[in-house]
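J.: My structure is below; once you've seen it, I'll send some questions.
Laboratory data are not the source of any read-out in this text; all were calculated from the coordinates shown. Just so it is clear, the structure is predicted and the values come from calculations on it, not from any experiment. Glycine gets a Cβ as well: all are built from the backbone with ideal geometry, and neighbour counts include every protein chain shown.
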Amino acid sequence: MTWEKQESNSDFWNPEKENEELVGEVIEVRPGMYGNQYLIKKENGEEILTPSHKILQGRMTKVIVGNKVKHVFIKQDLPKIKGQNGVKLYDVFIDLVVEEKVA
């Protein structure tokens, strides 16, 4: 048997600095073991996959493929239980501008 390692053509967004942003168009929603992940295509063509953090997922419930979104990483809270990771907090914005057709 011959095995070929499979690579993804998208990067994974793992913000660490406050106010770090991810802006682009949602091109795919991927259901996973821990919830949905969203594939975002930035203006430069780069594709970024969001983490499946509960806070982020809760704010993405109205987002559909084709929406333009902006994610802003607010901060990471301290863990409530020693040895665990703190909760990452995000703001999510959906672009409500509707382009009008030129007659």
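J.: If packing is taken as the average number of other Cβ atoms within 10 Å across a peptide's residues, how do 76-85, 36-45 rank, most packed first?
T.: 36-45, 76-85
J.: Roughly how many whole Å is it from the C-alpha centroid of the stretch 9-33 to that of the stretch 49-82?
T.: Going from one Cα centre to the other spans 9 Å.
J.: Something else: At 10 °C and 1.306 mPa s, grab the translational diffusion coefficient of the chain from Stokes-Einstein with a Kirkwood Rh over Cα pairs, rounded to a whole number in µm² per second.
T.: 104
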